[in-house]
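Report on one structure; see the data block that follows.
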Amino acid sequence: MNDEGYMRLALDLARRGEGWTSPNPMVGAVIVKDGEIIGRGWHRRCGGLHAEREALADCAVSPVGGTMYVTLEPCCHQGRQPPCTDAILAAGIRRVVVGSGDPNPLVAGNGIRILRERGVEVTAGVLEEDCRRLNEVFFHYIRTGRPFVVMKYAMTMDGKIAAWTGRSRWITGPAAREHVHRLRHRYRAILVGVGTVLADDPQLTCRLPEGRDPLRVVCDTHLRTPLTARVVATAGQPPTLLATCCGDPARITPYRRAGCRVITLPKREGHVDLDALMARLGQEEVDSVLLEGGGTLNWAALRSGVVQKVFTYLAPKLLGGREAPTPVEGPGVPDPADAFPLRPGAVTRLGDDILLESEVIPFVHGDR
């Protein structure tokens, strides 16, 4: 097997940490000696051993003189764990093959430099694009200090997210809905507007048997979330955060007594300032957000420039209805030339439905 083959194995291992490593990256490592794999490892959870140390601990024979394949540049600083470069050097690894560099300023090429200075042969950039794509959340969070935001919605072929009556269960089939729960496991927080809470009273949890529930965030400008809402009634586990512009202690106190966190943020165009909300979440090490809002919140998020990716679940059915809601509402743009541009990505079949993944092409604030 060549370098790319071993790196693909390391990528497969890294994916096992999906949903658990936040705000750390997903990393996998494979150790090869005399043409045989002698150690495998991946970063399992934030705070746990890094992939390199996991792989070294997995070795049944001495790794001295072996080659380590790792999807991300080994760290060289003391964080929640000690430097992986120290472990690699102490183990006598002769060669290290790296997928992508680490954008963390505390590493950023220094891990590779240290290894080379100590006589370790380093080959960098093997399956680099695949390794970068695996950690798009981490790369964005490290560089900006803000969460990577994925806007998700399900719609019919005529662009409706619900019937004119407001009924939306179910637009898509079981396979697509299960995929959404995988996203809830993968991303650290889920964000909705108070309109969604009032209309659907959702739980906003991950229904996968061994999944991780996200932090539930409700944008509620005027604090209208009912105290009987399920996100309030179950606020102890998983946690619920209400983002509001209401500063009245008498109105906030009942939510806090129910177990909710309440933060007061400035207004922007009459609603919670989403840019300020993302800055706050980033400070709290929330590295990713799944936006499951309605048309109003989706428009505000796009308008604020906080969305990085769009997941569109497309169902093969037509609803019609002049008043039926659509994924993005608000005032809209005045001309097609002013549209929010997307870069098409993967297309996946999920039962009878289709998932379209797109990247949001950034624009300069104030252009729209």
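All of the numbers you see were taken from the coordinates with simple rules; none came from a lab. Note that the coordinates shown come from a computational prediction; the quantities given were computed from them, not determined experimentally. Quick reminder, even Gly has a Cβ in these numbers, built from the backbone with ideal geometry, and neighbours come from all protein chains shown.
For a label point 7 angstrom out from the Cα of H77 toward its Cβ, which stretches of region 40-71 have the backbone nitrogen within less than 11 Å? Flagged as within label range: none.
In what sequence, highest mean first, do 126-133, 245-252 appear when ranked by Cβ atoms within 10 angstrom?
Working: 126-133: 17.4, 245-252: 12.5.
Highest-to-lowest ranking by the protection proxy: 126-133, 245-252.
Think of each Lys and Arg Cβ as +1 and each Asp and Glu Cβ as -1; about the Cα centre, that makes the dipole of region 205-325 roughly 320 debye.
Under the rule of -39500 (n - 2.57) per DSSP H run of 4 or more residues, summed and divided by the residues of the chain, what mean residue ellipticity at 222 nm is obtained, to the nearest 500 deg cm²/dmol? Show your work: numbers first, answer last.
Numbers: 12 runs with 105 residues, N = 368.
That comes out to -8000 deg cm²/dmol.
Peptides 326-333, 99-106 ranked from most to least packed, by the mean per-residue count of other Cβ atoms within 10 Å: 99-106, 326-333. Going by the alpha-carbon gyration tensor, a ≥ b ≥ c the square roots of its eigenvalues, is region 11-131 rounded (a/c under 1.5) or, if a/c is not under 1.5, prolate (a/b greater than b/c) versus oblate? Here region 11-131 falls in the rounded category.
Please go through region 1-95 and write out the trypsin sites (Lys or Arg not before Pro) that DSSP classes as loop and that have at most 16 other C-beta atoms within 10 Å.
Here the sparse-neighbourhood loop sites are R44, R45, R80, R94.
Across region 164-226, Cα pairs under 8 Å and at least six residues apart give a relative contact order of 37 percent.
When +1 charges are put on Lys and Arg Cβ atoms and -1 charges on Asp and Glu Cβ atoms, the dipole computed for region 1-52 relative to its Cα centre reaches about 300 debye.
Rounded to the nearest Hz, the phi-derived 3J(HN,Hα) couplings of region 63-71 under the Karplus curve 6.51 cos²θ - 1.76 cosθ + 1.60 (θ = phi - 60°) are x, 4, x, x, 10, 10, 9, 9, 6, where x marks glycine and proline.
Once backbone amide H atoms are built at 1.01 Å from N, V262 has L242 as its partners under 5 Å, excluding neighbours fewer than 5 places away on the same chain. Using a Gaussian network model of the chain in which every pair of alpha carbons under 10 angstrom is joined by a spring, one finds that among V70, V197, V107 the greatest mean-square fluctuation is at V107. Springs between Cα atoms under 10 Å define the GNM used for the chain, and in it the highest mean-square fluctuation of P83, P25, P336 occurs at P336. One Cα centroid belongs to region 281-329, the other to region 242-277; the line between them spans 21 Å.
With contacts taken as Cα pairs under 8 Å and at least 6 residues apart, region 31-125 reaches a relative contact order of 25 percent.
Only Lys, Arg, Asp and Glu count, each charged at its Cβ (+1, +1, -1, -1), so figure out the dipole size of the chain about its Cα centre, rounded to 20 debye.
On the way: 46 positive and 42 negative charges, 196 e Å.
Dipole size: approximately 940 debye.
Bridge orientation summary for the chain: considering DSSP beta bridges with both residues in this region, about 40 percent are antiparallel. Helix 274-283 and the long axis of the chain differ in direction by around 30°, with both axes built from C-alpha atoms.
Largest GNM mean-square fluctuation across P334, P74, P226, computed for the chain with C-alpha springs under 10 Å, falls on P334.
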